[in-house]
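*Asks:* This is the structure I want to talk about, given as structure tokens.
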Amino acid sequence: MEFLMPIFVVLMPVLLVWVIFAYNTKSEKNKYETIIEVSKNIKDNEEIKEILESLTEIKKSSTDFRKTGLITIFVGIGLNALDYYGLGIFAQELLGIESDIVLGIGLLVMFIGIGQMLAGYIYPNQPYEINKAVESFENK
């Protein structure tokens, strides 16, 4: 059982990346097939152009660093809580890892989240949405 743990630890991220890649590929394929089917039924070129523009707008939206920073901070807090409430014992007894390492990883993740939140307050929020609002105001 002990010799299977490192193999499982190494293969789990590979499996996770593979599942995400397969899901994204399938989702993109279905989206493009849907666009082709819809465009076959629409005769007006302007309507097709509007549909394509609405799909590209989703891709242009930027990430809200404040939201991702807050999520990352709480992931770090969760790691520290796992260390405090039982993972530290598990790490020491079964894996031979010092409890301070798990605490350090949790603190590292928390500080990454704090950096993301600071970036969210320093950089403008959703610049594409701001540009779109200005353009729609100018068109009126």
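*Asks:* Only one residue in ILE105, ILE73 is modelled with pLDDT of 80 or more, within 25 Å of GLU2 (Cα to Cα) and in a helix (DSSP H, G or I), so which one is that?
*Replies:* Answer to the selection: ILE105.
*Asks:* Okay, moving on. Suppose we filter GLY88, GLY96 for residues that are modelled with pLDDT under 75, loosely packed, with under 11 Cβ neighbours inside 10 Å and over 20 Å from the mean Cα position of the chain (by Cα); which single one remains?
*Replies:* Selected residue: GLY96, the only one of GLY88, GLY96 that is modelled with pLDDT under 75, loosely packed, with under 11 Cβ neighbours inside 10 Å and over 20 Å from the mean Cα position of the chain (by Cα).
*Asks:* For segment 20-46, give me each residue that is of a type in the set (Val, Ile, Thr) and either surrounded by 10 or more Cβ atoms within 10 Å (Cβ to Cβ) or not in a helix (DSSP H, G or I) (or both).
*Replies:* Once the filter is applied, which keeps residues that are of a type in the set (Val, Ile, Thr) and either surrounded by 10 or more Cβ atoms within 10 Å (Cβ to Cβ) or not in a helix (DSSP H, G or I) (or both), segment 20-46 yields ILE20, THR25, THR34, ILE35, VAL38, ILE42.
The values are calculated or read from the model by the stated rules, or taken from the named source; none is laboratory data. It should be emphasised that the depicted structure is a prediction, and the values quoted were computed from it without experimental measurement. Every residue, glycine as well, gets a Cβ built from its backbone with ideal geometry; the counts of neighbours run over all protein chains shown.
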